[in-house]
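Participant: My questions will all concern the structure given below.
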Amino acid sequence: MAKQSRLEGQRRKSSYGPCPALPGPILQSILPLLNIYYLERIEETALKKGLSTQAIWRRLWDELMKTRPSSLESVTCWRAKFMEAFFSHVLRGTIDVSSDRRLCDQRFSPLLHSSRHVRQLTICNMLQGATELVAEPNRRVLETLASSLHTLKFRHLLFSDVAAQQSLRQLLHQLIHHGAVSQVSLYSWPVPESALFILILTMSAGFWQPGPGGPPCRLCGEASRGRAPSRDEGSLLLGSRRPRRDAAERCAAALMASRRKSEAKQTARAAPTTRVTRRSTQESLTAGGTDPKRDLHPPATSYEAPGTKQPPSAPATTSSASASSSTSSSKRAPASSAPQSKPLKRFKRAAGKKGPRTRQGSGAESEDLYDFVFIVAGEKEDGEEMEIGEVACGALDGSDPSCLGLPALEASQRFRSISTLELFTVPLSTEAALTLCHLLSSWVSLESLTLSYNGLGSNIFRLLDSLRALSGQAGCRLRALHLSDLFSPLPILELTRAIVRALPLLRVLSIRVDHPSQRDNPAVPGNAGPTSHIIGDEEIPENCLEQLEMGFPRGAQPAPLLCSVLKASGSLQQLSLDSATFASPQDFGLVLQTLKEYNLALKRLSFHDMNLADCQSEVLFLLQNLTLQEITFSFCRLFEKRPAQFLPEMVAAMKGNSTLKGLRLPGNRLGNAGLLALADVFSEDSSSSLCQLDISSNCIKPDGLLEFAKRLERWGRGAFGHLRLFQNWLDQDAVTAREAIRRLRATCHVVSDSWDSSQAFADYVSTM
C-alpha cells in the first residue's frame with residue numbers, strides 16, 4: 001500500500017517528473033538510441049522503477065521543435081507537450097519524420113501514436129489537416145481524437161473550397177457531436193467567409209447537415225441523421241411544437257440568399273442593394289422606444305406589388321424609396337405614442353408565389369446551410385403577412401421569448417454541442433450576427449461566451465435580445481460572458497445594466513469598451529434615450545454575479561449607475577475597474593461606500609490605470625476594510641501627491657488590518673523611500689498578515705532593495721509568501737541586486753527579471 005501511494009503521488013507531481021532524472025552520462029548515451037515510439041512504451045516501466053523520462057522529452061523538444069515555451073507557460077508534462085506538438089507538425093506537413101531516426105519507425109504511425117496526447121488542436125489558413133483527418137486511412141486517428149480532444153481552435157482562416165468545407169463538416173461532426181470537444185475558439189479572421197463561419201457556428205451549436213453528395217455518418221443511430229434534410233423532413237427535425245418559421249429565420253434566410261445571389265451575379269446593380277440592406281438593418285436596430293415592430297429591408301425576396309394594400313399611414317412606395325425612408329424613420333416610438341407609419345413594405349411568405357423573383361430566392365436558398373438551421377416546418381396560410389419590422393431585432397409582441405431563437409428540438413433530434421465559444425477579432429456582419437444571435441437564444445449547453453473585438457455596433461441589441469431569450473430557456477447554463485469591443489452604441493454602464501438584467505444567473509461578467517462612440521449611439525434628438533425595454537430605468541433585480549471586470553473608455557462615468565449594479569450584486573467576490581474616471585473624489589467615495597454596505601462577500605478588489613492621487617482618504621478607507629483579502633492599485637499614481645504624509649498613514653492602516661493577504665502596487669513610483677516605509681508593515685508590532693506583495697515597475701534601486709531585505713531579517717519575520725520585483729532599476733548595480741535577492745529569498749519567494757532599464761528609458765523617450 002505504501003508503494004502504491006508513493007507511485008500515485010509521483011504521478012500527480014510536475015516539472016521534470018516526481019522521480020529522479022536519469023544521470024547525465026546515461027542520458028547522453030541512450031538518447032541517440034531511442035525513438036519516440038519506444039520511449040513512449042517504456043514510460044510506465046520507468047515510472048514503476050522510480051525514474052523520470054521528463055529530461056529526455058525536454059531534450060527532444062529543444063533539439064527537434066527548436067522553440068522555447070513562453071515564460072508564462074508552466075509545462076507540467078514535457079512528454080504530453082512534445083507529442084501534441086509533434087501531432088500538429090506531422091498533420092500540417094511542417095516536419096519530416098524521415099529526417100531524424102528518432103521520429104521514424106515503419107512499425108508505428110506518427111499520427112495514431114501521438115493522437116491520444118492531443119488535448120488542443122489548431123486549424124489554420126485554408127483548413128490544412130481537415131481533409132487528411134477524415135480520410136479513411138486515418139479513421140482510427142479520428143476516433144482517438146474524438147475521445148482525447150477538448151479544445152478546437154481556428155487561426156487566421158482564409159477562403160476555402162467546397163471540398164475543404166465538406167471535410168471540415170465531417171471533422172466537426174465527429175469531434176463535437178460524437179466526441180469530447182467542449183470549446184471552440186476563433187482567432188484573427190479579418191474577412192470571415194460567411195458560409196464557413198456559419199458552418200462552424202451551427203456545428204458547434206449541435207446541428208449537422210451532410211454536404212451535397214457527402215457520405216452518411218456511420219455513428220448516427222438514425223438513418224434520418226445521415227442524409228441531408230429536405231423540406232419534407234421538417235417535422236422530423238423540428239418536432240410538432242414549431243410548425244412554422246419565425247421572423248428571425250425568415251430574415252436570415254432572405255439576407256443570406258440575397259448575399260449569395262449578389263456574389264454570383266457580380267453586377268453593379270446587386271452591390272448597392274446589399275449596401276442599402278445592411279445600412280437600413282443597422283439603423284433599424286439602433287432605434288429607440290418600446291414598439292417591437294422594427295423595419296428591415298431584405299433584398300432578393302418577395303415584395304408586394306405596387307397595388308398591395310397597406311396601412312393608411314404608410315403610402316405605397318418603390319423599393320428604393322422604402323429603403324431610403326427607413327434611414328430617417330428607423331427609431332422606435334415610445335409605447336405611449338401613436339402608431340408610427342411603416343415606410344417599408346411587408347415581406348410575405350415565399351410559398352405559393354409564382355413570380356420569378358420568388359423562384360430565384362427559393363433556388364438561392366435551397367442549397368444553403370440555412371435550410372437546416374432555419375428550416376421551414378410549415379408555412380402560414382395563403383395571404384398572411386409578416387412585417388419586416390418584426391425581424392430587425394427579433395423582439396416580437398407576445399410572451400414567447402424563443403421566437404427569434406432556434407426551434408425547440410427534441411433531445412433525440414439534436415446533437416451534442418460545445419460549452420465554450422470564443423470569437424477573438426472576428427468581425428461580424430449583419431448576417432453573421434443574426435445567425436449567432438439566433439443560435440444563442442436556445443444554446444442551453446453554452447456555459448462561457450467570449451466576444452472580443454467583433455465590431456458588433458448596433459448588433460449589440462440583437463445580442464441582448466438573444467441572451468434574454470436564452471436566460472428564459474429551461475436548463476440555461478451560461479455563467480460567464482466576456483465582451484470587449486472598440487465602440488459600443490450604449491455607454492458601458494448602461495450596457496452592463498442591460499446584461500445583468502438579461503442574465504440574472506450570470507456568475508462572471510467581463511466587459512470592455514475602448515472608445516466612446518457617438519456615431520453608433522441610438523439616442524436621437526427628441527428621444528430621451530435608448531429603448532426602455534433594453535436599458536430601462538427600473539431597479540436591477542438581485543443577481544448571482546461573483547466576478548465583475550470592467551474596462552472603461554475615456555470620460556467621467558456616472559457613479560450612481562455603477563452603484564446600482566453593485567447594489568444588485570450581493571454575491572460579488574471580485575471587482576476590477578480599469579481606466580475608470582469619476583467626476584470627483586466624492587463619486588469614487590460613493591462607489592467605495594456602496595461596496596462596504598452591499599458587497600459584504602467582496603474579497604478581491606483591483607484598480608488599474610486610474611488617477612487616485614486626489615483620493616488618498618478613499619484609499620485609506622479601503623485599506624481599513626476588514627473583509628478584503630486582496631487589493632491591487634496598478635498604475636494609479638498613488639504617491640504623486642503628499643508622499644511624505646500619505647505613506648505613514650497607509651502603513652498604519654495596513655498594520656492594523658489582519659485580513660489583507662495580498663497587496664499589489666505596480667507602477668506607482670514607490671521608489672527606495674517608499675519601499676523602506678513599506679517595510680514597517682512587517683515589523684514586530686504589526687498585526688498584518690500580508691503574504692503577497694507586488695512592487696514591480698516602482699523605480700526601486702539595488703541599494704534600497706538591500707536595505708529592505710536587511711530590515712526584514714532584523715525583524716525576524718518568517719517567510720511571508722511572494723515578492724514580485726519585475727521591471728525595477730536593479731541592473732544599475734548587479735552585485736548589490738544579487739545580494740539583496742539572496743537575502744530576500746531567505747524570507748520569501750522572489751520573482752524578478754533581467755530588465756534593461758536604460759533601454760526601456762530610451763524606448764520611452766523615442767516614443768514621446
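The values are calculated or read from the model by the stated rules, or taken from the named source; none is laboratory data. Computed from a prediction, not measured in an experiment: that's the story for all the values here. No Cβ is skipped: glycine too gets one built from the backbone with ideal geometry, and neighbour counts run over all protein chains shown. Just the protein is used for accessible areas: all its heavy atoms, side chains included, with ligands, DNA and RNA removed. Shrake-Rupley method; radii C 1.70, N 1.55, O 1.52, S 1.80 Å.
Participant: So how many residues does the stretch 443-455 have that are open to solvent by 10 Å² or more (accessible area, probe 1.4 Å) and either of a type in the set (A, V, I, L, M, F, W, C) or more than 15 Å from the chain's Cα centre (by Cα) (or both)?
Facilitator: Of the residues in that region, 2 qualify.
Participant: Next up: Could you grab me the full set of residues in the stretch 133-153 that are within 24 Å of residue 188 (Cα to Cα) and out of contact with any helix residue (DSSP H, G or I) (no Cβ under 7 Å at 6 or more places or on another chain)? Steps first, please.
Facilitator: At the first step, the residues of the stretch 133-153 found to be within 24 Å of residue 188 (Cα to Cα) are 133, 149-153.
Matches in the stretch 133-153: 150, 151, 153.
Participant: When the residues of the stretch 124-137 are filtered to those that are among the polar types (S, T, N, Q) and assigned to a loop (DSSP other than H, G, I, E, B), which remaining residue is most open to solvent (accessible area, probe 1.4 Å)? Lay out the reasoning, then the answer.
Facilitator: Narrowing the stretch 124-137 to residues among the polar types (S, T, N, Q): 125, 128, 131.
Imposing the further condition that a residue be assigned to a loop (DSSP other than H, G, I, E, B) reduces the set to 125, 128.
Numbers: 125: 63, 128: 84 Å².
My answer is 128.
Participant: Can you pull out the residues in the stretch 455-493 that are at pLDDT 95 or above, more than 23 Å from residue 577 (Cβ to Cβ) and in contact with an Asp or Glu (Cβ under 7 Å, 6 or more places away or on another chain)?
Facilitator: 477, 478
Participant: Is there a residue being modelled with pLDDT under 90 and surrounded by fewer than 19 Cβ atoms within 10 Å (Cβ to Cβ) anywhere in the stretch 109-123?
Facilitator: Yes: one or more hits.
Participant: Another one. Answer yes or no as to whether residue 108 is in contact with a strand residue (DSSP E or B) (Cβ under 7 Å, 6 or more places away or on another chain) and outside any helix (DSSP H, G or I). Even if it seems obvious, please write down each step before you answer.
Facilitator: Working: in contact with a strand residue (DSSP E or B) (Cβ under 7 Å, 6 or more places away or on another chain): no; outside any helix (DSSP H, G or I): yes.
So residue 108 does not fit the description; no.
Participant: Just give me the residues in the stretch 544-558 being of a type in the set (A, V, I, L, M) and modelled with pLDDT of 95 or more, in sequence order.
Facilitator: Within the stretch 544-558, the subset of a type in the set (A, V, I, L, M) is 545, 548, 550, 556.
Within the stretch 544-558, 545, 548, 550 meet the criteria.
Participant: Only residues that are without any contact (Cβ under 8 Å) to a residue 60 or more places away in the chain, charged (D, E, K, R) and open to solvent by 80 Å² or more (accessible area, probe 1.4 Å): list them for the stretch 69-104, please.
Facilitator: 73, 92, 96
Participant: For the stretch 432-467, which residues satisfy the criterion of being out of contact with any strand residue (DSSP E or B) (no Cβ under 9 Å at 6 or more places or on another chain) and more than 25 Å from residue 514 (Cα to Cα)?
Facilitator: First, pick out the residues of the stretch 432-467 that are out of contact with any strand residue (DSSP E or B) (no Cβ under 9 Å at 6 or more places or on another chain): 432-435, 437-439, 441-442, 444-445, 458-459, 461-462, 464-466.
Passing the criteria: 435, 438, 439, 441, 442, 444, 445.
Participant: When only residues in the stretch 196-227 that are modelled with pLDDT of 90 or more and either of a type in the set (Val, Ile, Thr) or open to solvent by 20 Å² or more (accessible area, probe 1.4 Å) (or both) count, which is farthest from residue 425 (Cα to Cα)? If you could, list the steps in order and put the result at the bottom.
Facilitator: Keep residues of the stretch 196-227 that are modelled with pLDDT of 90 or more, which gives 196-206.
Still in the list and also either of a type in the set (Val, Ile, Thr) or open to solvent by 20 Å² or more (accessible area, probe 1.4 Å) (or both): 198, 200, 202.
On the way: 198: 16, 200: 16, 202: 19 Å.
Filtering the stretch 196-227 for residues that are modelled with pLDDT of 90 or more and either of a type in the set (Val, Ile, Thr) or open to solvent by 20 Å² or more (accessible area, probe 1.4 Å) (or both), the one farthest from residue 425 (Cα to Cα) comes out as 202.
Participant: Can you name the residue in the stretch 545-574 that is assigned to a loop (DSSP other than H, G, I, E, B) and not small (Gly, Ala, Ser) and is also most open to solvent (accessible area, probe 1.4 Å) among such residues?
Facilitator: Let us first name the residues in the stretch 545-574 that are assigned to a loop (DSSP other than H, G, I, E, B), namely 545-546, 552-556, 558, 568-573.
From what's left, not small (Gly, Ala, Ser): 545-546, 552-554, 558, 572-573.
Numbers: 545: 4, 546: 63, 552: 11, 553: 13, 554: 213, 558: 59, 572: 1, 573: 83 Å².
So, considering only residues that are assigned to a loop (DSSP other than H, G, I, E, B) and not small (Gly, Ala, Ser), the one most open to solvent (accessible area, probe 1.4 Å) is 554.
Participant: Among the candidates 742, 714, 738, single out the residue that is modelled with pLDDT under 90, more than 22 Å from residue 665 (Cα to Cα) and of a type in the set (Lys, Arg).
Facilitator: Numbers: 742 fails: modelled with pLDDT under 90; 738 fails: modelled with pLDDT under 90.
Going through 742, 714, 738 in turn, the sole match is 714.
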